[in-house]
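Some notes on the structure that comes next.
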Amino acid sequence: MDETMDNQQVKDTDLAWLAGIIDGEGNISLICRKSRGGIYRPFIVITNTDIRILEKCQNIGHQLGINFYIYKRQIKDRQKHKLAYNALTQKMGHVVKLIPYLLPYLIAKKDQAQILLEFSLYRLENLRSHKHDWNKENLWYQKIKNLNQKGPNSSETIRQPLTREDIVQSK
């Protein structure tokens, strides 16, 4: 475990567990607040139907000095879906603090985490001067958006149904 950790009560296994939950049930991204002039905001959210999982995430975050806000997720069709909850953190300071703990353990969302960390550090550096390179910020936003895009990526095999011409027949 990193010796610069604020609270020695957090175990490596807890950090690895949290990273695994975020890899499987979470989203690491930037959102564009158009109502605020197109300002980008970082966020890390975990969605699950078992509130105990989110409470454990919140507990680990608390030990690190990071707040996860838990709330009920709005579901359009409750007859088809169970009630779900989100655990959210979106303060830049919390994002900058959390990501370095998770990076050694993240797999699926490691690239998003690195981009979000870079964005958040840049933003915090330029917070007081109110300087924003909108092109740079938009590039980070587009990179994360592309990484988070649903559907098969180029490394996945796409299986098409066989046609009659594809089948080799023996005589």
If I histogram all Cα-Cα distances within the range 50-149 using bins 10 Å wide from 0, what percent of pairs lands in each bin?
13, 35, 35, 15, 2, 0
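Might you tell me the accessible area per residue for the range 47-104, computed with a 1.4 Å probe and given in Å²? Provide the component values of the computation, followed by the final result.
Values: 3500 Å² over 58 residues.
Spelled out: the 1.4 Å probe surface of the range 47-104, per residue, equals 60 Å².
Carbon and sulfur together cover what percent of the accessible area of the range 79-152 at a 1.4 Å probe radius?
Numbers: 2430 of 4720 Å².
Carbon plus sulfur share of accessible area: 51 percent.
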Test of understanding: extend the Cα→C-beta vector of Thr49 to 7 Å, then name every residue of the range 70-109 with backbone N under 18 Å from that spot.
71-87
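Given 0.36 nm per residue, what is the gain on full extension from Leu103 to Trp17 after removing their alpha carbon distance, in nm? Write down the numbers at each step before the final one.
Numbers: separation 86, 0.36 × 86 = 30.96 nm, distance 1.22 nm.
Working it through step by step, the gained length comes to 29.7 nm.
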Under a Cβ-Cβ cut-off of 15 Å, what is the net charge of the residues other than Gln112 that fall near it, where Lys and Arg count +1 and Asp and Glu count -1?
+2
Cα-Cα longer than 24 Å, checked against Lys80/Lys109; Lys109/Lys143; Lys34/Lys145, kept in input order, equals Lys80/Lys109
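Relative to the present Cα-Cα distance, how much length would full extension add between Glu125 and Gln74 at 0.36 nm per residue of separation?
Numbers: separation 51, 0.36 × 51 = 18.36 nm, distance 3.51 nm.
The span from Glu125 to Gln74 would gain 14.9 nm if fully extended.
The values are calculated or read from the model by the stated rules, or taken from the named source; none is laboratory data. In this text, all values refer to a predicted model and were calculated from it rather than measured experimentally. Cβ: placed from backbone, ideal geometry, glycine included. Neighbour counts: every protein chain shown. We work out accessible area using only protein heavy atoms, side chains counted, and drop any ligands, DNA or RNA first. Shrake-Rupley method; radii C 1.70, N 1.55, O 1.52, S 1.80 Å.
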